[in-house]
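Down below is the structure, laid out as structure tokens.
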Amino acid sequence: MMIHTADVDGLKVKIHQLHTEHRDLDDVIYRLSQSAAQDQLQLQRLKKRKLYLKDQIAMLERQLEPDIRA
């Protein structure tokens with residue numbers, strides 16, 4: 001299945017946005033974990049969101065890979 005150039009560009013933009021949010025969450029999680037008054041529930045939610053983003057990035061990147069049959 002061929003993906004059109006516009007679709008590829010759109011996927012790349014979305015992947016970049018997800019990478020940026022993932023990196024930002026990394027920073028927030030680190031800062032919160034260093035805080036004396038840690039909110040464990042908030043940290044857990046942020047980590048779940050970060051994992052979700054990682055899964056979304058992997059799924060979108062797989063769509064960009066050519067469909068190679070063994």
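Output the residues belonging to the range 15-70 that are without any contact (Cβ under 8 Å) to a residue 40 or more places away in the chain, acidic (Asp, Glu) and within 22 Å of Thr5 (Cβ to Cβ). Passing the criteria: only Glu65. Scan the range 1-14 for residues that are among the charged types (D, E, K, R) and either surrounded by fewer than 10 Cβ atoms within 10 Å (Cβ to Cβ) or in contact (Cβ under 8 Å) with a residue 24 or more places away in the chain (or both) and the total you get is 2.
No lab work stands behind these numbers, since they all come straight from the coordinates. Quick caveat: nothing in here was measured; it's all calculated off a predicted structure. Glycine also receives a Cβ, built like all others from the backbone with ideal geometry; neighbour counts cover every protein chain displayed.
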